[in-house]
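What follows is one structure encoded as structure tokens, with my remarks underneath.
The values are calculated or read from the model by the stated rules, or taken from the named source; none is laboratory data. These figures come from a predicted structure and were not determined experimentally. Please note: Cβ atoms are built from the backbone with ideal geometry, for glycine as well, and neighbour counts cover all protein chains shown. SASA here: full protein model, heavy atoms, side chains in, ligands and nucleic acids out. Shrake-Rupley method; radii C 1.70, N 1.55, O 1.52, S 1.80 Å.
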Amino acid sequence: MDKKELAAFLRHRRETLRPRDVGLVEGPRRRTQGLRREEVAQLAGMSTDYYARLEQQRAPQPSVQITAALARALRLSLDERDHLFVLIGHNAPARFQRSEHVSPPLMRVLDRLDDSPALAQTDLFDTLAMNPLAVALLGDQTRHTGLARSGYYRWFMDPAERLMVPEETHERHGRAQAARLRAALTAGSNTPRAARILAELQEHSPEFVRMWELQEVAQSYDDCKTILHPELGRIDVDAQILFTENRAQTLVVLTTRPGTESHSKLELLSVIGHQQLTP
């Protein structure tokens with residue numbers, strides 16, 4: 001770990017970013033050039049003290065997970081991300097077509113969306129990043145690990161995943177998940193992992209096996225869906241999709257139609273955030 005070069009690199013990248021670049025509000029009396037240390041720490045999900053010690057050359061080596069979080073927080077390009085990994089003393093991630101590093105163009109759009117839920121996902125339905133309103137609406141989907149990171153896997157293996165979707169749409173939704181997994185298996189960015197998900201589902205989910213045998217294949221998203229929020233109830237949303245050039249990552253933006261009850265509920269959710277509405 002090259003502590004001196006790492007500290008200089010982190011400080012320089014932090015000072016070149018403005019709050020608006022990462023979706024933060026820039027106050028009128030701001031004196032700090034670029035982002036504050038506590039803002040970078042917040043974006044990376046770490047303590048301010050630990051991040052400060054990195055810039056002061058006093059911190060122990062960050063884990064691979066923290067390194068990746070720092071790269072996302074500082075909006076690094078792939079070359080800059082790889083440089084960060086080397087400075088910290090880790091091997092840079094292999095540059096497969098699929099990457100855990102959110103595409104910078106998608107991240108820039110995500111940073112600027114504060115009135116609509118938005119999330120960045122891979123073609124295996126792994127959620128890489130969410131804005132606060134998406135977390136309030138859907139829960140933190142980035143917390144999952146292993147095969148459970150894939151929404152395809154969770155739909156058939158985790159009963160809690162279905163609580164957000166009306167029961168009458170479960171059949172159609174499950175078939176869509178199986179069809180999209182089939183597309184990812186043959187033309188996706190990480191076909192070995194898709195094969196592992198397929199093997200697990202074939203062994204443990206008879207429902208998935210039934211739907212897989214339909215031989216359906218699709219890459220499209222549902223353009224309209226209903227979400228069952230635990231406190232606010234039914235919220236009807238439209239999904240707008242933005243793909244990266246190689247279609248390995250997707251930005252999903254959820255909107256509601258003005259004047260509807262769903263629109264009012266989403267506006268309420270944007271105000272209360274994670275606060276529980278009922279005792």
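Just a yes or no: is a residue in region 115-135 among the β-branched types (Val, Ile, Thr), assigned to a helix (DSSP H, G or I) and in contact with a strand residue (DSSP E or B) (Cβ under 6 Å, 6 or more places away or on another chain)?
no
So Ser270 clears everything in (1) open to solvent by 20 Å² or more (accessible area, probe 1.4 Å); (2) at pLDDT 90 or above; (3) under 21 Å from the mean Cα position of the chain (by Cα) except one condition, right? Which one?
Result: Ser270 fails condition (2) only.
Here is a list of conditions, (1) within 22 Å of the chain's Cα centre (by Cα); (2) within 20 Å of His144 (Cα to Cα); (3) crowded, with 19+ Cβ neighbours inside 10 Å, and Leu201 meets all of them except one; can you say which number that is?
(1)
Let's see how each residue does on (1) over 11 Å from the mean Cα position of the chain (by Cα); (2) modelled with pLDDT of 95 or more:
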| site | (1), (2) |
| --- | --- |
| Ser99 | yes, no |
| Met107 | no, no |
| Asp115 | yes, no |
| Asp126 | no, no |
| Ala129 | no, no |
| Gly139 | yes, no |
| Gly146 | yes, no |
| Phe156 | yes, yes |
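Only residues in region 1-15 that are within 13 Å of Gly34 (Cβ to Cβ) and in the same structural domain as Leu70 (by the TED database) count as the first member; pair them with residues that are open to solvent by less than 50 Å² (accessible area, probe 1.4 Å) and in a loop (DSSP other than H, G, I, E, B), Cβ under 6 angstrom, at least 6 apart or cross-chain, and list the lot.
Arg13/Leu74; Arg14/Gly34; Arg14/Leu35; Glu15/Gly34
Considering only residues that are more than 25 Å from the chain's Cα centre (by Cα) and open to solvent by 70 Å² or more (accessible area, probe 1.4 Å), which ones fall in region 18-48?
Pro28, Arg29, Arg31, Gln33 - these are the residues of region 18-48 that are more than 25 Å from the chain's Cα centre (by Cα) and open to solvent by 70 Å² or more (accessible area, probe 1.4 Å).
Looking at region 153-167, is at least one residue buried (at least 21 other Cβ atoms within 10 Å of the Cβ), of a type outside the set (A, V, I, L, M, F, W, C) and closer than 30 Å to Leu17 by Cα?
Checking region 153-167: not a single residue is buried (at least 21 other Cβ atoms within 10 Å of the Cβ), of a type outside the set (A, V, I, L, M, F, W, C) and closer than 30 Å to Leu17 by Cα.
For region 56-72, how many residues meet the condition of being open to solvent by 70 Å² or more (accessible area, probe 1.4 Å) and assigned to a loop (DSSP other than H, G, I, E, B)?
5
Take region 73-84 and flag every residue that is under 11 Å from Arg14 (Cβ atoms) and either assigned to a loop (DSSP other than H, G, I, E, B) or open to solvent by 10 Å² or more (accessible area, probe 1.4 Å) (or both).
Of everything in region 73-84, those that are under 11 Å from Arg14 (Cβ atoms) and either assigned to a loop (DSSP other than H, G, I, E, B) or open to solvent by 10 Å² or more (accessible area, probe 1.4 Å) (or both) turn out to be Leu74, Arg75.
Only one of these conditions is not met by Arg81: (1) out of contact with any Leu (no Cβ under 8 Å at 6 or more places or on another chain); (2) modelled with pLDDT under 85; (3) more than 22 Å from Gln42 (Cβ to Cβ); (4) not acidic (Asp, Glu). Which number is it?
Of the numbered conditions (1) out of contact with any Leu (no Cβ under 8 Å at 6 or more places or on another chain); (2) modelled with pLDDT under 85; (3) more than 22 Å from Gln42 (Cβ to Cβ); (4) not acidic (Asp, Glu), the odd one out for Arg81 is (3).
Can you tell which of Asp223, Asp238 is in contact with a Cys (Cβ under 7 Å, 6 or more places away or on another chain) and either at pLDDT below 90 or open to solvent by less than 50 Å² (accessible area, probe 1.4 Å) (or both)?
Asp238
Please list, ordered by first then second residue, the pairs with beta carbon atoms under 7 Å, 6 or more apart or interchain, first in region 67-83 and free of Cβ contacts under 8 Å to residues at least 24 places away in the same chain, second of a type in the set (A, V, I, L, M).
What qualifies is Thr67/Leu84; Thr67/Ile88; Arg81/Ala71; Asp82/Ala92.
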